Every structure is written in structure tokens, then in C-alpha cells.
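The values are calculated or read from the model by the stated rules, or taken from the named source; none is laboratory data. Since the structure is predicted, the reported quantities are computational estimates derived from the model, not experimental observations. Backbone-built Cβ (ideal geometry, glycine too); neighbour counts: all protein chains shown.
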């Protein structure tokens, strides 16, 4: 059948006429929405990389504790990691002593540790200042300096810096020198040994200039924001004393435009931490504008629990000797200028607010199912009969696309399920069912591809308390002393996957609940559909409708979990 050319020409003429009439009336034609592009700005954390500060700090370690097989249905590891590892965050107590210390420069900002820093400080509009001319432009063992003139030149070309900006100094240092060891010694060790030029960093006057502009934060793709030598601490203090926060060890900053991109740092919420390991990201186009506006207006909600010793952060298991390693802080040397100990942390990779990648419960290709314990083999037979192949995966934290933990937030309130499971069925969790999803959609509208679905159980808000009272969070439900938290089963996971949901989150300790069979099937379903989980949120009930969810875990190679931070921008 031939096309009706006359009708096509008439239709085109009508469209042109409508556009001309709108322009005449002062109406702009519609502009297609730009796609949202996520940019990972984080260094890989792994043994054999220069990810740990080399002068006396304990080296990063990841230790396999259990692997999928006869003794475990999950991949579990122990992390030894400190806040100066990889891409990292400095908050004011890094250089500002607490008021009670009576030390020079002490003040209230000395109490603003990583668990207390306002969430809006972690984000803002990226202002990328190209200082690549400084790369290797210094004598051996010295840092070339970013001067006030570099900053004024950028302002003359673009605009003045203002509150809500995160100024990112791009030299290309980490892009070029962050490599596996021994070549990676060029990143940190060699310049400190005065064998190579140092990394570019701000002069204290440049940092003071940015502080005067009331920017939110400053970042660099150098391993520290302090130049090598005597100016390292004055540069830190020049910004931190004004409440700025710093990103150190970013990478790939050239992927962002000079202005207009959204920047965010997401790191674990360590109690009393003057610094934190974490994940840096940029967003270009799409959601960037609304996120910048939210950050500038300080409309940011922190959804992460505080990691602190003697709190119920780690899976306690059933009975005796079934627990995972407790979260621990290890002090290793004292900083007299701050009257505090530098410290590292030992923790299970599912500590506190954390990521669940597919590789947590799915075995790698080539796994022989006969290696499972007999009970797990039977569960697998039942699962595959109802839901299809379990699948296999090697997807660990560093391989999960950073955008998968981000998107429009859809909170599904299931608090009405609390208290509905008879005591005779304990240990057990009330089941979140397809009917619950239908009810939520009837109230709030149909779920859309890319939504981050967050289950609101209220469990962590009620029961996350210091031990022994905090046993009500996990230990008591697991041992049948109280009802477990509401949790979805595999049928709900697969239904949400069919709707295009790629990230599922909860304000309970786990998405799996307390029944081991149902929990494992839930994780198999998540992994088989390529979905990720975010567990152990808090304050979910405070998320406004229409908020945008951001979560990212530390970029640790081979990690089957990953501590991180969750924020809601509204």
C-alpha cells in the first residue's frame, strides 16, 4: 500500500503552523528530556593497589570467611578498612579538635564527625577546575600548588563559586598513576620518598578563597587534599575550620562538564569518624538539575544507620557460634594535634546499611550443586520447580553499575503486617505478598521501570538500639523469641523485576527475613533477575513522595556485600 503523500504533507504543515503559533504566543517548543548519565568517580579498593595511606596505616584486607558450598549458602567476607582508603571523605574533625580538648583551633565543628555531618554537605553542583597543567610540574617530592589565580580564572570563564557548589580540582593525577603495585608506588610512595614529583593540591590561600565563597565542599583527584610537606595541614585546616568537607582520591573527573553536573559522595556512617572511605559519583543531565536544587536547598534525608560498637549491626545467627564478625574499631596511633586516635574498622561486608549484589547468594559459573548441604539442595529443587533456574553470577560490589542503586523512590508501607504472625510460627517473618504490592499501586500509582522500591516496615526505627536491648533487632526474632520483620518472597521479587525494578530496599535488617529457606529463595530470585538489594535503612517513613534515592557501596573488588550510604533528595 502506497503512503498518502498529500496527507503527510498536510499533517507536517499543521505541525509547523502549531509551532509557529506557540512561538508567536511566547511559548517555547517542548525540549526532549536529556538522559541521566551516571559517572563513577571512585578508585578501586583491592589488595595490591595503593589504596591505603602508606605511612603506618594498616593495609586494606578482604578475608573470605565462607564461600558457597557445604557450610554456607552465601559468600561472606571480613573487611579491614580505614577511612583513608581509596576515594575518601574528610570532615571537620580531621583538623578541628573538639571543644573540650582546649587545643588550638578547637571548636564546635570538631564534633561534626561522619555520623553527624549534615547529609546535604555530601552533594552539590560540580564545578570542575582544570589544573592539568600542574601534573608533574614540581621538583621531586614536592606538590605543585593550585593558587587563587587558578580559581579566579575559572570564575571569569564560567561563573562565581557559590553555596551549594562542590569544587573539583582535576589534574588527572589518579587517572595516570593509580595502578596495581609495584607500578602504583608512583601514586603515593614514590613522591613521599622524593623520587618523583608530588600530586597537585591547593595552597592554603586557595582553600581559604573557596571557604570565603561558602562552597559546600572541595574535591581532588590527588590522594590527599594536602600538598606534600609543611602546607598539608594548613591546607586542610583552611577549609575544614569553615565546615567544608573534602573528597580525596577521586578519579575520572574529566568525564564531567565544567558546570551543571551533580556530584555526591556516599560513605559509611562511622560513629566518631573524622574521615570515611566511600564512593564518589557524578550525574550529568536528566535528574542532575533537580538533585542540585535539592542539595542547594538542603533537602536531603540520611537513611543510613550509624555504625558503632555494641550496636546490632551484624548478623548474630541462630543459637551459639553462628554469628558473623561484629563491627569493631581498632585504634593504632595518636594524633596529638587533635587528641584522638587514628583507627581502622573490622566488619562483615553486610554491616549496617549495605549492598546485596547478585554474587552474594548465586554461585559462580561451574559450581556443582551437589556441593550444597543436603537441606539446601532440596530447597533449590523446590525453588527451580516453582521459579525457574537459579542462575549463576560473579557480580560483586565493584561490578554493580553505580546507577543501579539510584532512582525515583517508591515507598511501600507494610507496617500493617507487623504483629500478624502467630507466635507458634516463630521464628518467622510476616510475608510481603503480591496483594500488598497491588494495594500500594492502587493508592500511589503503578510502579515504573527504574523505580527504587523501599519497603517501610519500621523495624529498624523501633529496635535498633545499643545491646543488650538491641537484641530485639535481629537476635530475638532469629531465635523465635519475637516476631521477625516483614519480608518479601521470591514471587514478589520476580513480579517487581517484571515491572523494571532493579533495586529493592528495606528498613529491616535483611530482605530475606528470618526463615532461612524463604530468605535464600528471596536472594536467589534477586540474583537471578540481576537485581540488587539495599538493607538496613532507617527513617524511611520520613521520605517525601517524589524523592530521589541514592545509594552506593565502597568500590571493593570481589566484595559480596559492601558498606555504603543511602540518601533521599526531595
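Go over the candidates 68, 62, 81, 76 one by one and state the one that is closer than 30 Å to residue 374 by Cα, under 19 Å from the mean Cα position of the chain (by Cα) and surrounded by 18 or more Cβ atoms within 10 Å (Cβ to Cβ).
Exactly one residue qualifies, and that residue is 62.
Could you please find all residues in segment 401-417 being touching a residue at least 24 places away in the same chain (Cβ under 8 Å) and in a helix (DSSP H, G or I)? Steps first, answer last, please.
As a first pass, look at segment 401-417 and keep what is touching a residue at least 24 places away in the same chain (Cβ under 8 Å): 401-415, 417.
402, 403, 404, 405, 415, 417 - these are the residues of segment 401-417 that are touching a residue at least 24 places away in the same chain (Cβ under 8 Å) and in a helix (DSSP H, G or I).
From 384, 398, which residue is surrounded by 12 or more Cβ atoms within 10 Å (Cβ to Cβ), in contact with a strand residue (DSSP E or B) (Cβ under 7 Å, 6 or more places away or on another chain) and part of a helix (DSSP H, G or I)?
Just a single option satisfies the conditions, and that option is 398.
Inspect all residues belonging to segment 150-168 and state whether any of them is in contact (Cβ under 8 Å) with a residue 60 or more places away in the chain, within 27 Å of the chain's Cα centre (by Cα) and in a strand (DSSP E or B).
The answer is yes; a qualifying residue exists.
Looking at 110, 124 in this structure, which one is part of a helix (DSSP H, G or I) and touching a helix residue (DSSP H, G or I) at 6+ places or on another chain (Cβ under 7 Å)? Explain how you work it out, then say what you get.
Numbers: 124 fails: part of a helix (DSSP H, G or I).
One residue alone meets the criteria, 110.
Residue 393 - would you say it is touching a residue at least 40 places away in the same chain (Cβ under 8 Å), assigned to a loop (DSSP other than H, G, I, E, B), assigned by TED's automatic domain parsing to the domain that holds residue 481 and under 27 Å from the mean Cα position of the chain (by Cα)?
Yes; evaluated as a whole, the condition is true for this residue.
Might you let me know whether segment 285-304 holds any residue that is over 22 Å from the mean Cα position of the chain (by Cα) and more than 22 Å from residue 113 (Cα to Cα)? Give the derivation first.
Residues of segment 285-304 that are over 22 Å from the mean Cα position of the chain (by Cα), as a first pass: none.
No; the residues of segment 285-304 include none that is over 22 Å from the mean Cα position of the chain (by Cα) and more than 22 Å from residue 113 (Cα to Cα).
Name the one entry in 509, 477, 466 that is out of contact with any strand residue (DSSP E or B) (no Cβ under 8 Å at 6 or more places or on another chain), buried (at least 24 other Cβ atoms within 10 Å of the Cβ) and closer than 25 Å to residue 321 by Cβ.
Answer to the selection: 477.
Of the residues in segment 418-459, how many are assigned to a loop (DSSP other than H, G, I, E, B) and within 31 Å of the chain's Cα centre (by Cα)?
Keep residues of segment 418-459 that are assigned to a loop (DSSP other than H, G, I, E, B), which gives 418-422, 426-430, 433, 445-451, 457-458.
Next, only the ones that are within 31 Å of the chain's Cα centre (by Cα) stay: 418, 428-430, 433, 445-451, 457-458.
Residues flagged as assigned to a loop (DSSP other than H, G, I, E, B) and within 31 Å of the chain's Cα centre (by Cα) within segment 418-459 amount to 14.
Find the residue count for segment 192-216, including only residues that are crowded, with 24+ Cβ neighbours inside 10 Å and either out of contact with any helix residue (DSSP H, G or I) (no Cβ under 7 Å at 6 or more places or on another chain) or part of a strand (DSSP E or B) (or both).
Qualifying residue count, segment 192-216: 2.
Quick check on segment 316-325. Is at least one of its residues buried (at least 24 other Cβ atoms within 10 Å of the Cβ) and touching a strand residue (DSSP E or B) at 6+ places or on another chain (Cβ under 7 Å)?
No, there is no match, as no residue in segment 316-325 is buried (at least 24 other Cβ atoms within 10 Å of the Cβ) and touching a strand residue (DSSP E or B) at 6+ places or on another chain (Cβ under 7 Å).
Looking only at segment 482-501, which residues are touching a strand residue (DSSP E or B) at 6+ places or on another chain (Cβ under 9 Å) and closer than 30 Å to residue 311 by Cα?
The answer is 485, 486, 487, 488, 489, 493.
Check 257, 227, 234 and return the single one that is surrounded by fewer than 24 Cβ atoms within 10 Å (Cβ to Cβ), at pLDDT 95 or above and in contact with a helix residue (DSSP H, G or I) (Cβ under 9 Å, 6 or more places away or on another chain).
Result: 234 is the single residue among 257, 227, 234 that is surrounded by fewer than 24 Cβ atoms within 10 Å (Cβ to Cβ), at pLDDT 95 or above and in contact with a helix residue (DSSP H, G or I) (Cβ under 9 Å, 6 or more places away or on another chain).
Determine, yes or no, whether residue 39 is within 25 Å of residue 550 (Cα to Cα) and either in a loop (DSSP other than H, G, I, E, B) or at pLDDT 95 or above (or both).
yes
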